[in-house]
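Just below is one structure, and these are the notes that go with it.
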Amino acid sequence: MAQEGVSKFHLDWQAGPVIECPDRCLLSHWRDVLHAHGLIGADPARYGGIGFGNVSCRCDSGFLITATQTGHLATLAPDHFCQVTRWDIVHNQLRAEGPQPPSSEALSHAACYDAHPEILWVFHIHDPLLWQQAAVRGLPATPLDAEYGTPAMALAVSHLAGQGRLPLLIRMAGHEDGLIAAGHSAAATGAVLLNAVAEAQASSALRR
């Protein structure tokens, strides 16, 4: 697997003030919920200690996403979010603005918003059990050779997101332990993740 947490796209980032988005507080809430479940974070024993997981929501000017390398924080502040305003998946380019640069997985989030006009929320998490059980659970998966943060991964995510019913859950096969959920509401997007994680944990416990 490729190194985690490193942006591979060409970024045009304009440093600026806190981004005002009507759903920022709700997005922050769900990010903290996922962090509390260990699905977003930073762990010295995993991925070399680099942060993992991120969340976003559609806004009028693009989408709001957690800033890069904020996984170690239990709670995020308003200046820990960035707005992606333009993107070109094929040419691996992003334009963003805000107090900090966007997450290294922003291209895959953009792919989801491109794929389905009713996708308003995208949550990316890491969970080893669910990732390993994805095939058994019938989850759609990106190709193994599509690495995180690349156009290949984004295009694969876009293809799957455009075919699935919302909320949807995708295994990122070329992104160790990575899964991405997308939906029309924050509650539905969060629920499809948390329910699947709980089912994977229950299944694993039964095998012991």
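Quick rundown of the values:
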read-out	value
Sole residue being in a loop (DSSP other than H, G, I, E, B) and open to solvent by 50 Å² or more (accessible area, probe 1.4 Å), chosen from A146, A135	A135
Boolean, E4 is buried (at least 18 other Cβ atoms within 10 Å of the Cβ), acidic (D, E) and modelled with pLDDT under 90	yes
Residues located in segment 45-72, provided they are closer than 18 Å to D23 by Cβ and of a type in the set (S, T, N, Q)	N54, S56, S61, T66, T70
Residue ID - surrounded by the most Cβ atoms within 10 Å (Cβ to Cβ), chosen from residues in segment 88-106 that are in contact (Cβ under 8 Å) with a residue 12 or more places away in the chain and of a type in the set (D, E, K, R)	E105
Criterion: touching a residue at least 60 places away in the same chain (Cβ under 8 Å) and either over 16 Å from the mean Cα position of the chain (by Cα) or outside any helix (DSSP H, G or I) (or both) - qualifying residue of V33, V55, V84	V55
Residue satisfying all of: in segment 169-197; open to solvent by 50 Å² or more (accessible area, probe 1.4 Å) and farther than 15 Å from L139 by Cβ; modelled with the lowest pLDDT among these	E176
Criterion (touching a residue at least 60 places away in the same chain (Cβ under 8 Å) and open to solvent by less than 30 Å² (accessible area, probe 1.4 Å)) met by exactly one of I65, I19	I19
Hey, R58 open to solvent by 40 Å² or more (accessible area, probe 1.4 Å) and more than 27 Å from H159 (Cβ to Cβ) or not	no
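The values are calculated or read from the model by the stated rules, or taken from the named source; none is laboratory data. Not measured: the values here are computed from a predicted model. Please note: Cβ atoms are built from the backbone with ideal geometry, for glycine as well, and neighbour counts cover all protein chains shown. Ligands, DNA and RNA are excluded from the accessible area calculation, which covers all protein heavy atoms including side chains. Shrake-Rupley method; radii C 1.70, N 1.55, O 1.52, S 1.80 Å.
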